[in-house]
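To start, the structure under review is shown below, and the notes come after it.
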Amino acid sequence: MTALPPRQAFPQGFLFGAATSSYQIEGHGFGGAGPTHWDTFAATPGNVKGAETGARACDHYHRWAEDLDLVAAAGFDSYRFSTSWARVLPEGRGAVNAEGLDFYDRLVDGLLERGLKPALTLYHWELPAALSDLGGWRNRDVAQWFGDFTRIIAQRLGDRLWSVAPINEPWCVGWLSHFLGLHAPGLRDIRATARAMHHLCLAHGTAIGVLRAEGVSNLGAVCNFEYALPAEDTPECHAATRRYDAIFNRFFIEAMFLGRYPEEVLEGFAPHLPKGWEQDFPTITAPLDWFGINYYTAKRIAPAPGPWPGTAERPGPLPQTALGWEICPEGLSHLLIRLRRDYTGTTPLYITENGMAAEDRLRDGRCLDADRIAYLAAHLQACRAAIAAGVPLAGYYAWSLLDNYEWAEGYSGRFGLVHVDFESLQRTPKASYHAVRKALER
Ligand code: IFM
């Protein structure tokens, strides 16, 4: 069986963590949280496998202490988690749900008691339904609403957080949810997409400004990236790949670091962006202390008939995960080297998510996920290759601590280092968890 590279194979101080998100594990039905657009999206036929929701999920809301014990016992240095906007502000604005804020307060203290660095993401996709009613990410006011939510969190938790990022994977919140319609709110509309993607950038910059004003430090951003390759070596495939890459990989990082949107995206977005969008870049480019990269897969791109962007995905030759994602660790080193060169320079980088879905089953009380160990080993080696090439990579978070609610896949996409039985809610560390624990020994 492949072994994970040990802690000692990385530079001194390199940080290892496990990542989760609120709606995917907490149990949104507990503790007075307000409804979110994921609840209504899931309740609409055809959107989510089995119409499953995060109402109970892993019941982390009640079992958080046991879960943090698992993080600490694995030898991780940090835990990446998120705050649910609707748990703290059930209507998205106005009255605070004290029980919700207290929950995160206990969680942060619980992390510190266990010697774990709390790495917070403010928003990991569960928009309060009341704000969705007002247009959600399509409404420019969302930046201010998000800023107000950020201030509440900063004032309560800011003194104890190790790091903060405003929004997880803005591509998913924008493109996947408003253009492809595969995540809440399930729209397929270019005007909605252009506006949502711009407002995500504005909300990101607004939140960074609020956090700095509240004295919170170590602020970053977390975007997802795919290694985009032409399906064939033709000019048409190369052109389609450039468009795909500009939308997926360049839009947000280019806005944050260079204060512009890629020309290839403006070809489609220009008529639909909100008036005066260019004036928002001073807010969007608020300086960052670090940048987080979520990486899972490569994509083979070909042209497609029809309107912009005219791109299609083709199957590739590499082995795939249970969700059909090609396993391509070299794509990670390639992206890291490229992002450092084109955007982030000396800014420290973190892998804020990386992992794979597998059809994990318990047999005799054990889950032998050798495929996940091989996946993690190969991607950690890709990190080492990037470090050797001069990339200032400072840490790696595995996605995810627990099997959890995998959005439109319901509970079928298991990404955890720890198996969760969704009937009994029993946690069972998988072989990958034990492999991580061994690799992280000091
Ligand atoms: O489960 C998700 C997570 O919420 C965001 N990044 C990708 C993961 C796997 O799909």
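Only the coordinates and a few stated rules stand behind these numbers; no lab work does. All figures in this text were calculated on a predicted structure; none of them were measured in a lab. Methodologically, a virtual Cβ is constructed for each residue, glycine included, from the backbone with ideal geometry; neighbour enumeration extends over all protein chains shown.
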**Q.** Least to most buried among S21, S84, S400 (fewest other Cβ within 10 Å first)
**A.** S400, S21, S84
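Are there any GluC sites (Glu not before Pro) in segment 324-394 that are in a DSSP loop and have at most 16 other Cβ atoms within 10 Å? List them by number.
E359
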Q. Listing K117, K430 from the residue with the fewest other Cβ atoms within 10 Å to the one with the most, what is the order?
A. K117, K430
Q. Considering only DSSP beta bridges with both partners in the chain, what is the antiparallel share in %, to the nearest 5?
A. 25
Q) What is the count of Lys pairs in the chain whose alpha carbons sit under 28 Å apart, if the two are 8 or more places apart or on different chains? A) 5
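Kyte-Doolittle mean at least -1.0 and Cα extent at least 18 Å along the axis: which DSSP H helices of the chain qualify?
Details: long enough: 60-73 (19 Å, -0.46); 98-113 (22 Å, -0.01); 142-157 (22 Å, 0.29); 190-213 (34 Å, 0.60); 370-388 (27 Å, 0.68).
Passing helices, by number: 60-73, 98-113, 142-157, 190-213, 370-388.
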Q | Relative counts (whole %) of C-alpha pair distances in the chain, using bins that are 20 Å wide | A | 26, 63, 11, 0
Q. Which trypsin sites (Lys or Arg not before Pro) in segment 149-253 pass both tests, a DSSP loop state and at most 16 other beta-carbon atoms within 10 Å?
A. R160, R188
Q. When only Cα pairs under 8 Å and 6 or more residues apart are kept, what is the percent relative contact order across segment 107-233?
A. 32
(Q) Is there a quick way to get the dipole size of segment 1-85? I mean about its Cα centre, with the Cβ of Lys and Arg at +1 and of Asp and Glu at -1; what is the value in debye to the nearest 20? (A) 200
Q. Where is the GNM fluctuation largest for the chain (alpha-carbon springs, 10 angstrom cutoff): N404, N294, N97?
A. N97
Q: Quote the FRET efficiency, to the nearest 0.05, computed for E99 versus R191 with a Förster distance R0 of 35 Å and r equal to the Cβ-Cβ distance.
A: 0.35
Q.
Report the Cα centroid-to-centroid distance between segment 63-113 and segment 162-188 in angstrom, as an integer.
A. 22
**Q.** Estimated inter-spin distance, I152 and E232, nm [label 7 Å along Cα→Cβ]
**A.** 5.4
Q. What relative contact order, as a whole-number percentage, does the chain give when Cα pairs under 8 Å and 6 or more residues apart are counted?
A. 19
Q.
So if each residue of separation counts as 0.36 nm, and I subtract the Cα-Cα distance between E441 and E313, what length gain in nm does that give?
A. 42.0 nm
Q. Along the Cα-to-C-beta direction of D69, a point sits 7 Å from the Cα; which residues of segment 416-433 have their amide N less than 17 Å from that point?
A. 418-421, 425-430
